[in-house]
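The values are calculated or read from the model by the stated rules, or taken from the named source; none is laboratory data. In this text the structure is predicted, and so the values were computed from the model without any measurement. With ideal geometry, Cβ positions are generated from the backbone for all residues, glycine too; neighbour counts draw on all protein chains shown. Quick note on the areas: whole protein, heavy atoms, side chains included, nothing else; ligands and nucleic acids left out. Shrake-Rupley method; radii C 1.70, N 1.55, O 1.52, S 1.80 Å.
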Amino acid sequence: MKLDKSRRQRIIVLTVVAFVLLAIIFILVALDWNDVRQLVGEANWGSTLVALLFTAISYLCLSYSFVTVNRVFGIGMTWRELFEIGIASTTLANVTGFGGAAAYSLRIAVMQRQGKPSGNILAASIFHTYLYIVTLLGLLPLGLIYLIVNHQLGEGVATGLRFATVMLILVIIIATAIVFVRPIRSVVLRILNRLWHLFRHQSSISFLNDFDATLTLGAAKIRSHPLALALPLGSMLANLVFTLVSLWFCFAAIGNQLGFGTLMVGFVIGIVAGNLSMVPGGLGVQEASMAGMYALFGVPFTQAVLASVLFRVVYDFIPFLLSLAMYRRLLRRRS
């Protein structure tokens, strides 16, 4: 017997929630118990609370950018509805990873109830993700310049950072071309449709047409009115700045105060490595990458690991657990 749509959506979300809770248990078990005890015993919990405050502000900024992007792309929902969807889906994306697939699924499940085509929803979400990537990777050159000016980097480290910078710039160029150059996007979409047909034996052309039309409309609005990007881009940048401040206070909580460039480069490399890994939510990969980068810059490795884990708890796990109350309300909402 087939499940009705609403019940199927609830099962999907409950499955994701169960997976996330298992992931939290896994990372706690995987951590060395002595490190956990050290974190609990030596942490400055006042700094941790400040980190939580800036985490909350960063999520508000990111959700506001989600609202403004959807407005640019013609998604006609109330400010409050879009804001709640933005917060709930962002916390879900941060703990599950997979390129935000779980977050996109949640957005489509909720927003389709309001009569919004899934292609339109996905186009706005992908553009929002594009803005995040561009803003995040755009911070890396600033951090590298700061490090080159203020630190003596080994030749191997400097070469690795230069290579990473070039590769990340290529990612930005390719993503920009797909978003704003329709012939290139059409080729990519045709390839995706063929792959979908190959594996699922059905065409996704209608969905891709909605996606393409919405992305074309949004890109055209931005080209004709560049200031339309000011609000989403400004709030996205504010989100990253407040995230970095939250990370700084996580390091301060375990007794280390990092410089601007060191903090930024370790953060960007850790986030990118976690997202590119095949591990759910980048669990372990993000922390190891961050800790390794900070250790290269002279931070004691144990402190770097503890601060990275504390940041994961403060920025990912706690907001997700607090946002659980939103999921049932969002899925119960009718058009």
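Key figures for this structure:
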| read-out | value |
| --- | --- |
| The stretch 122-127 - phi-based ³J(HN,Hα) in whole Hz, Karplus 6.51/-1.76/1.60, Gly and Pro as x | 5, 4, 5, 5, 5, 5 |
| Accessible area of Met111 in the full protein assembly, 1.4 Å probe (Å², nearest 10) | 0 |
| Over the stretch 47-110, volume per residue of the alpha carbon convex hull, in Å³ | 83 |
| In sequence order, calculated HN-Hα J values of the stretch 63-77 (Karplus, 6.51, -1.76, 1.60; Hz; x Gly/Pro) | 5, 5, 5, 4, 4, 5, 5, 5, 5, 4, 8, x, 7, x, 10 |
| The stretch 258-273 - phi-based ³J(HN,Hα) in whole Hz, Karplus 6.51/-1.76/1.60, Gly and Pro as x | 8, x, 4, x, 4, 4, 5, 5, x, 5, 5, 4, x, 5, 5, 4 |
| Amide hydrogen neighbours beyond the local backbone of Val299, cut-off 5 Å, H modeled | none |
| 11 Å beta-carbon shell around Ala228, net charge (K/R +1, D/E -1) | +3 |
| The stretch 220-334 shape via C-alpha gyration tensor axes, a/c threshold 1.5 | oblate |
| For Ile254, distant residues with modelled amide H under 5 Å away | Asn44 |
